[in-house]
Every structure is written in C-alpha cells, then in structure tokens.
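Written out below as structure tokens is the structure these notes cover.
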Amino acid sequence: QVQLVESGGGLVQPGGSLRLSCAASGFTFSAYFMAWYRQAPGKERELVARIGSGGRYTSYTDSVKGRFTISRDNAVNSVYLRMNSLKPEDTAVYYCNAPDGHLNWGQGTQVTVSS
C-alpha cells in the first residue's frame with residue numbers, strides 16, 4: 001500500500017528556515033520523480049519543486065527559486081524540502097507526491113510563517 005508521511009512543519013518567523021521530510025513506502029521510490037506541493041487556505045494546490053529519480057534533476061516554481069532546495073535519499077525512501085528566507089505567503093499545508101499527483105496523498109504538514 002502506497003503511503004506518504006510528511007513531517008517537519010511548524011510556526012516560524014519571517015526570514016526563518018524549516019526542513020520538511022517525506023517518508024515513502026509501498027512503491028519503488030528510487031524509480032520515481034518526486035515533488036513537493038503546497039495548498040494555502042482558499043487556494044488550489046500548487047507544485048513548488050520536483051526532483052528526478054536519481055536526485056540530479058531539480059526544478060522550482062518561480063516564487064521559491066533561490067530559497068527552497070529539494071533533495072532525496074533513496075537509501076531511506078525519503079524526499080526533503082529545505083526552506084530558507086521564509087515569507088508569510090509560504091504559509092500552507094505542504095505535501096509530497098509524484099509530479100502528476102497520482103500517488104495516495106498524505107496528511108501533509110502545516111507551515112505557518114508569521115511574526
């Protein structure tokens with residue numbers, strides 16, 4: 001059974017940093033591109049970063065370029081999102097999934113950026 005478990009969110013002040021983790025199970029993780037998404041209140045879910053199966057390819061939505069870094073460790077079936085210089089507009093629930101979103105969605109992890 002496919003399972004994605006996100007963690008690492010929290011309350012942080014503007015300019016702060018967080019590192020999100022996603023533990024995957026139930027599929028051949030190392031063969032999949034993976035992505036991080038976020039959904040802010042009243043808005044549609046958006047894809048913010050993606051990473052190739054081997055970890056060398058990465059891409060980001062414009063609003064997070066230079067601030068967020070996606071990475072993965074295939075040895076432990078996990079994908080990460082390092083978020084620096086956080087802004088209030090980064091406040092959202094963050095999820096991991098394949099770039100086409102076809103895997104079972106996890107519960108997400110809440111990130112709140114506020115002073």
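Name the residue, out of GLY42, GLY52, GLY26, whose mean-square fluctuation peaks in a Gaussian network model built on the chain with Cα pairs under 10 Å.
In this elastic network of the chain, the residue with the biggest mean-square fluctuation among GLY42, GLY52, GLY26 is GLY42.
Let me check against my output: what whole-number percent is the relative contact order of the range 54-108, with C-alpha pairs under 8 Å and at least 6 apart? Numbers along the way, then the final one.
Details: 39 pairs, mean separation 12.1, N = 55.
Relative contact order comes out at 22 percent.
Show ASP62, ASP90 ordered by accessible area, largest first, where the area counts protein heavy atoms only and the probe is 1.4 Å.
On the way: ASP62 120, ASP90 0 Å².
So, going from the largest accessible area down, we get ASP62, ASP90.
With a 1.4 Å probe and all protein chains in place, put VAL76, VAL113 in order of accessible area, largest first.
Numbers: VAL76 85, VAL113 5 Å².
Listed by decreasing accessible area, they come as VAL76, VAL113.
Trypsin sites (Lys or Arg not before Pro), restricted to the range 1-90: which are DSSP loop and have at most 12 other Cβ atoms within 10 Å? Numbers along the way, then the final one.
Values: sites: ARG19, ARG38, LYS43, ARG45, ARG50, ARG56, LYS65, ARG67, ARG72, ARG82; in loops: LYS43, ARG45, ARG56, LYS65, ARG67.
Answer by residue number: LYS43, ARG56, LYS65.
In the range 3-60, which GluC sites (Glu not before Pro) fall in coil by DSSP and have 10 or fewer other Cβ atoms within 10 Å? Write out the running numbers ahead of the final one.
Values: sites: GLU6, GLU44, GLU46; in loops: GLU44.
Here the GluC sites (Glu not before Pro) that fit, given the DSSP loop and packing criteria, are GLU44.
For LEU11 and GLU89 in one chain, what is 0.36 nm times their gap in residues minus the Cα-Cα distance, to one decimal in nm?
On the way: separation 78, 0.36 × 78 = 28.08 nm, distance 1.31 nm.
Contour length minus Cα-Cα distance gives 26.8 nm.
Need one number: % antiparallel among DSSP beta bridges in the chain, to the nearest 5. Write down the numbers at each step before the final one.
Values: 33 of 36 bridges.
Bridges in the chain are about 90 percent antiparallel.
Using protein chains only and a probe of 1.4 angstrom, how many square angstrom of THR69 are accessible, to the nearest 10?
THR69 exposes around 70 Å² with every protein chain in place.
Could you please tell me the mean projected area of the C-alpha convex hull for the chain, averaged over all directions and given in square nanometres to one decimal? Each step should come with its number before you reach the end.
Details: hull surface 26.1 nm².
Value for the chain: 6.5 nm².
Given the convex hull over the Cα atoms of the range 47-102, what projected area results after averaging over all orientations, in nm²?
Details: hull surface 17.0 nm².
Dividing the Cα hull surface by four gives the mean projection, 4.2 nm².
Leaving out ligands, DNA and RNA, what percent of the accessible area of the chain is carbon and sulfur, probe 1.4 Å?
Roughly 45 percent of what the probe reaches on the chain is carbon or sulfur.
Tell me the per residue accessible area of the chain using a 1.4 Å probe; a whole number in Å² is fine.
On the way: 5880 Å² over 115 residues.
Computed with neighbouring chains in place, this is 51 Å² per residue.
Taking the Cα centre of the chain as origin, sum charge times position over the Cβ atoms of Lys and Arg (+1) and Asp and Glu (-1), and report the length of that vector in debye to the nearest 20.
Numbers: 11 positive and 8 negative charges, 50 e Å.
Dipole magnitude for the chain comes out near 240 debye.
Sort LEU18, LEU4 by heavy-atom solvent-accessible area, probe 1.4 angstrom, most to least. Before the final figure, lay out the partial values.
On the way: LEU18 30, LEU4 5 Å².
Final ranking, largest accessible area leading: LEU18, LEU4.
When the Karplus curve 6.51 cos²θ - 1.76 cosθ + 1.60 is applied with θ = phi - 60°, which whole-Hz ³J(HN,Hα) does each residue of the range 20-37 get, with x for Gly and Pro?
In residue order, the calculated couplings are 8, 10, 9, 9, 10, 8, x, 8, 7, 3, 5, 8, 9, 5, 10, 8, 10, 10 Hz.
The values are calculated or read from the model by the stated rules, or taken from the named source; none is laboratory data. In this text, all values refer to a predicted model and were calculated from it rather than measured experimentally. When we count neighbours, we look across all protein chains shown, and the Cβ atoms used for this are built from the backbone with ideal geometry, even at glycine. Side chains included, ligands, DNA and RNA excluded: accessible areas come from the protein's heavy atoms. Shrake-Rupley method; radii C 1.70, N 1.55, O 1.52, S 1.80 Å.
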